[in-house]
Amino acid sequence: MILLVLLLVAALGIAHALEPDHIVTLRLMKGVKSYVFFGVSHGLGFALIALPLTLAFSFYRQAEIIGDVIALAFAVLLIYGEIRGVEIEVSPRGSGVLQGAFAVTPSKVAIAIIASEQGLLIGAISIGLFILTSTIFIILVGVLLTFIPSRVEKYINISLGFITIIFVLLQTLI
């Protein structure tokens with residue numbers, strides 16, 4: 001049973017890394033060093049801040065809005081930069097911790113519930129595995145995005161921006 005829980009946690013970590021707001025943020029960064037810093041700082045933001053805040057979000061909807069605003073801002077920046085032909089680069093320093101801490105996503109809520117039902121040791125291992133898996137895959141996605149051909153990069157970035165806006169709005173409405 002514990003193995004199944006850990007496999008589910010790893011799958012949630014991968015799914016979390018592939019969420020549109022992370023991909024949009026990665027598109028606004030340049031270089032593997034930025035991707036690594038973003039992935040690690042995102043994991044730290046989740047570990048230090050987001051998990052306790054997940055409990056608060058059930059009582060205070062306003063806190064969750066901060067994460068939605070951050071995701072929407074990055075999506076709009078990406079779309080604006082591509083339409084205007086302006087290169088906008090976001091620093092991974094603040095963005096990773098902010099998204100890790102304030103962006104409440106279904107995968108984060110699921111991992112918090114799973115961890116709380118597994119007892120202290122397995123719960124802590126589950127959270128650690130989620131952070132490790134999502135961090136590794138965020139970095140991997142960033143590296144893979146560098147292989148997008150320049151002739152289609154603009155269209156992909158604009159599409160990603162709109163997908164993120166739709167993702168956040170649907171998440172807010174549901």
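The values are calculated or read from the model by the stated rules, or taken from the named source; none is laboratory data. Quick caveat: nothing in here was measured; it's all calculated off a predicted structure. Every residue, glycine as well, gets a Cβ built from its backbone with ideal geometry; the counts of neighbours run over all protein chains shown. What goes into the accessible areas is simple: the full protein's heavy atoms, side chains included, and nothing from ligands, DNA or RNA. Shrake-Rupley method; radii C 1.70, N 1.55, O 1.52, S 1.80 Å.
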Select from Leu129, Leu98, Leu120 the residue whose mean-square fluctuation is largest in a Gaussian network model of the chain (Cα-Cα springs shorter than 10 Å).
Leu120
Span from the segment 1-38 Cα centroid across to the segment 111-138 one, whole angstrom
13 Å
Once the Cα atoms of helix 2-17 and of the chain are each reduced to a long axis, what angle between those two axes, in degrees from 0 to 90 to the nearest 10, is obtained?
20 degrees
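For the chain, calculate the relative contact order in percent as a whole number, restricting contacts to Cα pairs under 8 Å that are 6 or more residues apart. Numbers along the way, then the final one.
Details: 229 pairs, mean separation 73.8, N = 174.
In percent, rounded to a whole number, it is 42.
To the nearest 500 deg cm²/dmol, what mean residue ellipticity at 222 nm is calculated for the chain from DSSP H runs of n ≥ 4 alone, each contributing -39,500 (n - 2.57), summed and divided by the residues?
That comes out to -27000 deg cm²/dmol.
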Positive-end extreme of charge dipole, the chain - chosen from Tyr155, Gly43, Leu170 (charges on Cβ)
Tyr155
GNM on the chain, Cα springs under 10 Å; top mean-square fluctuation among Val40, Val86, Val109 goes to Val86
Just to confirm the number: angle between the C-alpha axis of helix 120-145 and the first principal axis of the chain, 0 to 90 degrees, nearest 10?
10 degrees
Specify the angular offset, from 0 to 90 degrees and rounded to the nearest 10, of the alpha carbon long axis of helix 32-45 from the longest principal axis of the alpha carbons in the chain.
40 degrees
The chain: longest segment with zero exposed GluC sites (Glu not before Pro), where exposed means DSSP loop plus at most 13 other C-beta atoms within 10 Å, is residues 1-86
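Percent of Cα-Cα pairs more than 13 Å apart in segment 82-149, please. Mind dumping the intermediate values first?
On the way: 1722 of 2278 pairs.
When every Cα pair of segment 82-149 is considered, 76 percent fall beyond 13 Å.
Around Leu28, with a cut-off of 12 angstrom between Cβ atoms, what is the net charge of the other residues, counting Lys and Arg +1 and Asp and Glu -1? It would help to have the intermediate numbers written out before the result.
Details: positive: Arg27, Lys30; negative: Asp21, Glu82, Glu87, Glu89.
Result for the local shell: -2.
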Have a look at Ala110, Ala17, Ala47 and tell me which one the Gaussian network model of the chain (Cα, springs below 10 Å) gives the largest fluctuation.
Ala110
Give the label of the value calculated from the structure for Rg and Dmax of the Cα atoms in Å, choosing from [x] 15.9, 52; [y] 17.8, 56; [z] 17.5, 59.
[x]
For labels at Ala15 and Ile2 in the simple 7 Å Cα→Cβ model, what's the distance in nm?
2.4 nm
What ranking of Lys108, Lys154 comes out by heavy-atom accessible area, probe 1.4 Å, highest first?
Lys154, Lys108
